[in-house]
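Asker: Below you will find the structure I want to go over with you.
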Amino acid sequence: MSSAVDHLEGLTSQDYKYGFVTEIDQETLPPGLTEDTVRFISAKKAEPDWLLEWRLKAFRHWRGMDEPTWPNVKYPPIDYQAISYYAAPKSADDRPKSLDEVDPELLATYEKLGIPLEERAALAGVAVDAVFDSVSVATTFREKLAEAGVIFMSISEAVREHPGLVRQYLGSVVPPSDNFFAALNSAVFSDGSFVFIPKGVTCPMELSTYFRINAMNTGQFERTLIVAEEASHVSYLEGCTAPMRDENQLHAAVVELVALDDARIKYSTVQNWYPGDKDGNGGIYNFVTKRGACRGRNSKISWTQVETGSAITWKYPSCILLGDNSVGEFYSVAVTNNHQQADTGTKMIHVGRNTTSTIVSKGISAGVSNNSYRGLVKILPKAEGARNFSQCDSMLMGDRCGAHTFPYLEVRNKSAQVEHEATTSKIGEDQIFYLNQRGIETEDAVSMIVNGFCKEVFRELPMEFAVEAQKLLGVSLEGSVG
Amino acid sequence: MLHVRNLHAGVDGQEILRGVNLDVELGSVHAIMGPNGSGKSTLASVLAGRDGYEVTAGSVTYATQDLLEMDPEIRARNGIFLAFQYPVEIPGVTMMYFMREAVNAVYRHRGQEELSAGDFLRLARAKIGPLGISPDMLKRAVNAGFSGGEKKRSEIFQMSMLEPTLSILDETDSGLDIDALKVVSRGVNSLRSPARSFLVITHYQRLLNYIVPDHVHVLSQGRIVRSGDRSLALELEKHGYGWIEERAAERVALGA
């Protein structure tokens with residue numbers, strides 16, 4: 001084992017004059033992004049030609065694109081040639097061997113969150129596969145899903161086992177050329193999840209990435225594709241927690257949802273990527289494209305997100321309401337503290353008749369952070385009777401942080417009804433004192449006030465997730481008042 | 001039980017309390033009266049430990065402890081309750097959740113076992129009924145959308161749940177109609193016991209018809225200028241605060 005580490009160290013400390021080296025340890029690629037990188041990744045996964053071509057097309061497109069500059073966030077230029085595109089999956093040798101080797105501050109956070117011990121190890125990246133009884137868990141739930149006809153596997157597996165389905169839907173909601181980060185993801189995505197719910201099936205359990213990630217490190221360019229056939233229902237949970245690293249890491253994921261007639265997809269995220277330290281060093285750049293297409297009549301896609309992590313968040317989970325009477329929902333809590341920056345919101349595109357959308361966004365800023373809501377409601381000419389309700393509330397903690405709201409409205413049908421409400425409040429010293437005066441500690445008081453503020457969003461989350469989200473908020477805002 | 005000695009305090013460098021002396025024994029009801037700006041609410045805030053009030057001199061002893069050294073939540077857990085003049089709204093937090101957290105914080109401090117959800121609900125229902133509040137209030141967000149009267153009743157409800165040793169009522173009568181005033185007073189009177197004391201801060205003597213005090217103090221320009229029994233309040237009602245202030249000024253002039 002130590003020889004492998006030495007070998008790696010020897011290689012990585014070299015100056016790479018040729019940019020691309022093939023004779024290295026197979027788990028890692030040197031920094032740099034060329035067509036060869038894309039070919040390497042595709043070959044590593046033994047992908048069919050069509051997928052390689054798809055990736056290459058995305059890559060060629062990406063080369064001609066510019067990084068978006070419109071978000072209300074600031075960061076030094078990213079050198080895309082300085083990133084390793086197949087480095088994310090750390091080899092088992094390189095991971096911490098036990099919890100003793102993991103940063104105690106990180107462990108303390110997990111403990112506060114009430115994450116079970118075995119899971120803490122998994123989240124911290126400890127090589128626990130031998131200890132963690134994930135195999136039996138995985139097997140039981142796989143059998144149960146198979147009985148119902150539900151497909152839930154990594155997207156790499158799905159490419160091999162269900163190539164027809166993947167080919168039909170991949171990139172059909174977020175085309176590879178959609179935007180800079182989506183194009184990058186399409187070229188180099190490492191892995192991700194694939195879910196297929198057949199006609200008339202209600203998925204017998206909540207699907208969670210936790211189940212799968214224990215088995216495989218999906219890296220920073222994951223791709224998720226969920227297809228719900230006619231009259232099927234599924235609830236998908238995504239939890240993200242990343243270890244602390246001093247350097248900034250780019251995370252550019254793509255999530256695509258497809259709902260056919262009468263289908264319902266509920267997608268919930270609790271995102272707690274490492275936000276950087278108190279001085280703004282390190283942390284994840286979370287540049288994510290999430291979009292759902294309500295293709296069928298009466299279909300419904302609901303996004304719920306609780307975002308407390310990442311140094312920078314750039315993400316707008318959206319719904320394209322194509323089918324008549326289809327419904328799009330977006331419930332969001334975005335918390336920024338210290339030097340975090342978030343520019344997040346949604347897009348609701350009304351195409352079909354009598355389509356309705358609801359947007360509830362709660363932004364909480366503390367420290368010297370910056371929190372922006374950016375949302376587009378677009379009613380196309382044929383969207384007769386479309387309705388939207390948007391509510392954007394911001395809460396400020398302290399006087400050095402910022403909250404911004406950028407609502408965009410494009411209404412091209414006169415019968416549409418669009419409502420927008422927005423409030424900004426400051427967490428009151430008098431609210432905290434009121435709770436103090438009843439015997440409640442300041443920390444608990446802040447968490448109570450903030451959780452109350454976010455209630456409309458939390459009640460959309462599945463039960464266990466809501467509990468986790470509440471705790472997470474408390475941890476994220478620790479020390480921001482008083 | 002509560003001993004205030006030569007208390008000087010203010011906000012933003014401006015002195016409001018200029019040497020308050022006050023002794024409240026266990027089991028007694030003290031009324032603090034005074035004109036606007038005399039320092040009544042400042043006294044309540046300083047005793048409860050509100051941020052932003054600076055004590056520049058003097059001391060406050062509560063049950064042999066130095067009160068001014070304690071954080072507000074520690075004061076609360078030790079039995080100090082402030083019924084707010086302007087109770088604040090906390091959207092999205094139900095009265096039930098809030099009160100259960102508060103009661104359990106106090107119970108934990110006393111070394112008592114925390115209340116289960118069921119026991120809490122039974123206790124809350126028993127306390128809320130006599131105050132003429134529907135138990136539905138427990139499901140509403142703290143003070144959010146409450147009428148003025150509801151807010152004040154809710155304060156008294158909280159007081160009866162927490163069973164404090166020293167209750168400070170800061171102008172609880174302001175904005176109450178006569179019926180609500182009676183209900184609130186009944187709530188306070190039902191808590192009167194040899195183990196509890198009350199500091200009733202009010203502008204008007206009317207409240208004292210219902211909550212009959214053992215002692216009445218008049219606060220003027222940051223000092224207690226006159227103390228007496230209930231009859232002092234009645235006298236005040238007859239003559240107004242100007243009378244007291246003139247008398248106080250005369251005494252100062254005479255060097256008394």
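Every number in this text was worked out from the coordinates using simple rules, so none of it is lab data. As the structure is a prediction and not an experimental result, all values here were calculated from the model. In this analysis, Cβ positions are derived from the backbone assuming ideal geometry, glycine residues included, and neighbour counts consider all displayed protein chains.
Asker: Regarding the stretch A:361-482, what are the three Cα extents along the principal axes, ordered largest first, in Å?
Answerer: Taking the Cα atoms of the stretch A:361-482, the three principal extents are 56, 34, 21 Å.
Asker: Right, here's the next one. Please compute, for peptide B:89-96, the average count of beta-carbon atoms on other protein chains lying within 10 Å of each residue's beta-carbon.
Answerer: Mean shielding by partner chains, rounded to a whole number: 6.
Asker: What is the distance, in nm, between label points placed 7 Å from the Cα along the Cα-to-Cβ direction at B:A249 and at A:D66?
Answerer: Between B:A249 and A:D66, the simple spin-label model gives 7.5 nm.
Asker: Right, here's the next one. Between their Cα atoms, which of A:K347/A:K455; A:K278/A:K455; A:K266/B:K151 are more than 29 Å away from each other?
Answerer: As for pairs spanning more than 29 Å Cα to Cα, those are A:K266/B:K151.
Asker: Still on this structure, please answer the following. Under a 10 Å cutoff between Cα atoms, tell me which one of B:E155, B:E113, B:E73 has the largest fluctuation in the Gaussian network model of chain B.
Answerer: So, out of B:E155, B:E113, B:E73, the one fluctuating most is B:E113.
Asker: I need the peptides A:193-205, B:8-20 ranked by packing, meaning the mean over residues of other C-beta atoms within 10 angstrom, with the highest value on top. List each step's numbers first, then the result.
Answerer: Values: A:193-205: 19.0, B:8-20: 16.5.
My ranking of the peptides, most packed first, is A:193-205, B:8-20.
Asker: Compute and list, largest first, the equivalent-ellipsoid semi-axes of the stretch B:2-253 from the alpha carbon gyration tensor, each √(5λ) rounded to a whole angstrom.
Answerer: 31, 21, 16
Asker: Please name whichever of A:G452, A:S390, A:I151 sits farthest to the positive end of the charge dipole of the protein assembly as shown, dipole taken about the Cα centre and charges placed at Cβ: Lys and Arg +1, Asp and Glu -1.
Answerer: A:S390
Asker: Over the residues of the protein assembly as shown, compute the C-alpha Rg and express it relative to 2.2 N^0.38 Å.
Answerer: Taking the Cα Rg and dividing by 2.2 N^0.38 Å, one obtains 1.17.
Asker: Then there's this: Mind checking the mean number of beta-carbon atoms from other chains within 10 Å of the Cβ atoms in B:65-76? Walk me through the intermediate numbers first.
Answerer: Details: counts 0, 0, 0, 0, 0, 0, 4, 11, 11, 3, 3, 6.
Taking the mean over all residues of the peptide, I get 3.
Asker: Most exposed first by the Cβ proxy, i.e. fewest other Cβ within 10 Å, how do A:C319, A:C454, A:C392 rank?
Answerer: Values: A:C319 31, A:C454 27, A:C392 23.
Neighbour counts put them in this order, fewest first: A:C392, A:C454, A:C319.
Asker: Normalised radius of gyration for the stretch B:149-256, please: alpha carbon Rg relative to 2.2 N^0.38 Å, two decimal places.
Answerer: Working: Rg = 15.5 Å, N = 108, 2.2 N^0.38 = 13.0 Å.
Normalised Cα radius of gyration, the stretch B:149-256: 1.19.
Asker: Output ³J(HN,Hα) for the stretch A:422-429: one whole-Hz value per residue in order, computed from phi by the Karplus curve 6.51 cos²θ - 1.76 cosθ + 1.60 with θ = phi - 60°, and x for Gly and Pro.
Answerer: Per residue, the Karplus-derived 3J(HN,Hα) values read 9, 9, 10, 9, 10, 5, x, 4 Hz.
Asker: Then there is this: Counting Lys and Arg as +1 and Asp and Glu as -1, each charge on the Cβ, what is the dipole of the stretch A:265-367 about the Cα centre in debye, to the nearest 20? Spell out each step's value before the answer.
Answerer: Details: 11 positive and 6 negative charges, 107 e Å.
So the dipole magnitude of the stretch A:265-367 works out to roughly 520 debye.
Asker: While we're on this one: Between A:A43 and A:H162, what is 0.36 nm times their sequence separation minus the Cα-Cα distance? Round to one decimal in nm.
Answerer: 41.0 nm
Asker: Tell me, B:S190, A:S299 in order of fewest to most beta-carbon neighbours within 10 Å?
Answerer: On the way: B:S190 13, A:S299 31.
Ordered from fewest to most neighbouring Cβ atoms within 10 Å, B:S190, A:S299 come out as B:S190, A:S299.
Asker: Below 8 Å, C-alpha to C-alpha, sequence gap of six or more: please give me the relative contact order for chain B in percent.
Answerer: Result for chain B is 28 percent.
Asker: Would you mind pulling out the separation of the Cα centroids of the stretch B:130-189 and the stretch B:199-256, in Å?
Answerer: Taking the Cα centre of each part, the stretch B:130-189 and the stretch B:199-256 sit 26 Å apart.
Asker: Can I ask one more? Going by average Cβ neighbours within 10 Å, how do the peptides B:136-144, A:332-340 rank, with the highest at the top?
Answerer: In decreasing order of mean packing, B:136-144, A:332-340 become A:332-340, B:136-144.
Asker: Hey, if you put +1 on the Cβ of every Lys and Arg and -1 on every Asp and Glu Cβ in chain B, which of B:S231, B:G149, B:I133 ends up farthest toward the positive end of that dipole?
Answerer: B:I133
Asker: Continuing with this model, one more query. Based on other C-beta atoms within 10 Å, arrange A:W70, A:W303 from fewest to most.
Answerer: Listed from fewest to most nearby Cβ atoms, that is A:W70, A:W303.
Asker: Provide the gained length on full extension for the span A:Q81 to A:V475, in nm with one decimal, where the gain is 0.36 nm per separating residue minus the Cα-Cα distance.
Answerer: Net length gain for the segment: 138.3 nm.
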